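These notes concern the structure reproduced below.
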Amino acid sequence: MSSADVPIEPPAVAAAARAKAPATTWISWVALAMMTTSSVASLRAAPTMAVYGLACVFLYLLPALVFLLPTSLVSAELASGWNGGIYRWVSDGISKPAGFLAVWCQFAMTIFYYPSLLGFVASTLAYVFNPELASSGVWTAAVIIVVYWSGVWVSSRGTKGVAGLASGGLIIGTLIPGVVLVTLGIVFLGQGNPSAAPMTSDNIFPAWAGLSSLVLIVNNFLSYSGMEMNAVHVSSLRKPAKEFPKSMFLAMGLVLAIFILPALAISWIVPAKELSLTAGVMQAFDAVFANFGWQWLTPIVGIMLVTASLGGMLTWLAGPSKGLLLISRQEGYLPPYLQRLNKNGVQQNILVVQGLITTVIGLAYAFIPDVSSAYWIFSVITTQVYLIMYLLMFVAAVQLRRKHPEHPRGYRAPLLAGMCGVGFAASLAALLVGFIPPSQFESGNGGVYLAIVAGGALGLGLLVPFLFYRLRKPSWKQPEPEGAET
């Protein structure tokens, strides 16, 4: 059934449904905050901002105010009034083609997300075997290709229960290493060692060296992305209007602490000029452990970080593609080949095609001289493709409030139009800034950087879904997949 055919429940029916919900369906606002934190927070972005030293605080707070907060509250209203996720929101608010574009971008960003994620895994894993491998493009490419296809094999077998790896990863690969890093960083300074980055009031804001000096902030938008997925739980709160904002503010505080404090600790220990955007976390652990004579702990921490990243990869590998599959079968957006399921009910053909593209992208690490530059390029492309979806979401939210003001919602975002305006402007600015080579990009050829980023973001984010939509045929519509996992 398409989104246009879904009946809108009157307020009385919606209220009755909530009243009949069993008590076991309710979750506390603290639990929702922890769920949100586990899905958003990570140590992976810490090296990216550590190069700014004390200014990383400002560079994390700014996108939190103009992107994280609007995204959280706006998606909460949409999720509490319209089921079906981003496709339903955008197709009802704007149009079905725009809805397909939104769900496509939610899927397509993973094509570049996995190479950047596994680039971090490769550099971290290098510290378990040989730290010199962290700067090897061949090593990074090999890890990306082998690990990704291993993940496809696991996912295609319909393995269940890997979601627990991601939730456990918050403790194993984020909280414990983060607390250890920050604690030892404080002890490092307490022993009289000078901070590698100045911590004076003159360094609160980043030094202005043209637009390129602010390009790294784009990566923070990706760090905060994904809040629209957690918003689906707003209807499980007893008092959504009061509890959801509290949950989001608590989550924001936890996320900011996880992002900012380890980044500061790294800036104390590793000089910015020596910092690798992919291996920076392990550089900091290795340096601080060396100070205490505990370098034997470095490989252990590396394994913890890798375990958490792999758990997250397995959890998300089939998720976005499954959403694209279901919509495509209903509306005929993808050719039948990409809609086929294997004997385990998994969209294996989509995963294989995605894997072929990921392999090509992974090989780019072997040919781009600096691994950090390759990591940054793919991170920017990931962010820009995802930002297209957010631009559509903000427009759809305003349209739905205007066209359906009386539609029942479990939560109404305050100043919706204003927040959507701020979120839209911030997302658009971040998307445009991403086309500017950062000061840390070392290839020296801005034209090559622009061609790669523009080709990746606009080609994959706009051209490919346009071609699928224009070439679609009525025969591409398929019945609901009976064997698909839920």
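Which of the following residues is modelled with pLDDT of 85 or more and in contact with a Gly (Cβ under 6 Å, 6 or more places away or on another chain): Ser267, Ser235?
Answer to the check: Ser267.
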When (1) open to solvent by less than 40 Å² (accessible area, probe 1.4 Å); (2) modelled with pLDDT of 80 or more; (3) of a type in the set (Val, Ile, Thr) are applied to Val30, the one that fails is (1)
When the stretch 322-344 is examined, which residues are found to be surrounded by fewer than 20 Cβ atoms within 10 Å (Cβ to Cβ) and of a type in the set (Ser, Thr, Tyr)? Tyr337
Within the stretch 321-413, helices (runs of 4 or more DSSP H) holding 3 or more residues that are modelled with pLDDT under 85: 348-367, 371-403
All but one of (1) without any contact (Cβ under 8 Å) to a residue 12 or more places away in the chain; (2) open to solvent by less than 10 Å² (accessible area, probe 1.4 Å) hold for Leu133; which doesn't? (2)
With the condition kept exactly as written, say whether any residue in the stretch 299-321 is polar (S, T, N, Q), surrounded by fewer than 16 Cβ atoms within 10 Å (Cβ to Cβ) and in contact (Cβ under 8 Å) with a residue 60 or more places away in the chain. no
Residue satisfying condition, being among the hydrophobic types (A, V, I, L, M, F, W, C), within 19 Å of Ser379 (Cα to Cα) and over 21 Å from the mean Cα position of the chain (by Cα), within set Leu297, Leu310, Leu275, Leu317: Leu275
Right, Leu314: at pLDDT below 75, more than 23 Å from Gly84 (Cβ to Cβ) and in a helix (DSSP H, G or I) or not? yes
Taking interchain pairs and intrachain pairs at least six residues apart, which have beta carbon atoms under 6 angstrom, with the first residue in the stretch 415-430 and open to solvent by less than 10 Å² (accessible area, probe 1.4 Å) and acidic (Asp, Glu) and the second at pLDDT 95 or above and assigned to a helix (DSSP H, G or I)? none
Of all helices (runs of 4 or more DSSP H) completely enclosed by the stretch 59-178, which ones contain at least 2 residues that are farther than 24 Å from Ala396 by Cβ, at pLDDT below 85 and within 16 Å of the chain's Cα centre (by Cα)? 96-129, 163-169
With the requirement that a residue be among the small types (Gly, Ala, Ser), open to solvent by less than 20 Å² (accessible area, probe 1.4 Å) and closer than 16 Å to Leu391 by Cα, what does the stretch 94-117 give you? Ala98, Gly99, Ala102, Ala108
Kindly indicate whether any position in the stretch 206-222 is assigned to a helix (DSSP H, G or I), small (Gly, Ala, Ser) and modelled with pLDDT of 70 or more. no
List every residue pair whose Cβ atoms lie under 9 Å apart, where the two residues are 6 or more positions apart in sequence or sit on different chains, the first residue falls within the stretch 231-257 and is free of Cβ contacts under 8 Å to residues at least 40 places away in the same chain and under 24 Å from Ile171 (Cα atoms), and the second residue, located anywhere, is part of a helix (DSSP H, G or I) and of a type outside the set (S, T, N, Q). Phe249/Ala33; Phe249/Leu69; Gly253/Ala33; Ala257/Gly178
Pair list, Cβ under 6 Å, 6 or more apart: the stretch 445-459 residue over 14 Å from Ile111 (Cα atoms), other residue open to solvent by less than 60 Å² (accessible area, probe 1.4 Å) and in a helix (DSSP H, G or I): Ile452/Ile377
Which one of these is at negative phi and modelled with pLDDT of 85 or more: Phe441, Phe468? Phe468
Considering Thr37, Thr48, which residue is in a helix (DSSP H, G or I), surrounded by 24 or more Cβ atoms within 10 Å (Cβ to Cβ) and modelled with pLDDT under 80? Thr48
Would you mind finding the one in Ala241, Ala265 that is open to solvent by 40 Å² or more (accessible area, probe 1.4 Å), among the aliphatic types (A, V, I, L, M) and assigned to a helix (DSSP H, G or I)? Ala241
How about the stretch 62-93: which of its residues are surrounded by fewer than 24 Cβ atoms within 10 Å (Cβ to Cβ) and among the polar types (S, T, N, Q)? Asn83
Please work out which residue is nearest to Gly192 (Cα to Cα), limiting yourself to the stretch 278-296 and to residues that are in a loop (DSSP other than H, G, I, E, B) and open to solvent by less than 10 Å² (accessible area, probe 1.4 Å). Ala279
Collect the residues in the stretch 278-294 that are aliphatic (A, V, I, L, M) and over 27 Å from the mean Cα position of the chain (by Cα), keeping them in residue-number order. Ala287, Val288, Ala290
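The values are calculated or read from the model by the stated rules, or taken from the named source; none is laboratory data. What you see is a predicted model; the values in this text were computed from it and never measured. For neighbour counting, all protein chains shown are included, and Cβ atoms are generated from backbone atoms with ideal geometry for every residue, glycine included. When the accessible area is computed, the model is the full protein with side chains, heavy atoms only, and any ligands, DNA or RNA have been set aside. Shrake-Rupley method; radii C 1.70, N 1.55, O 1.52, S 1.80 Å.
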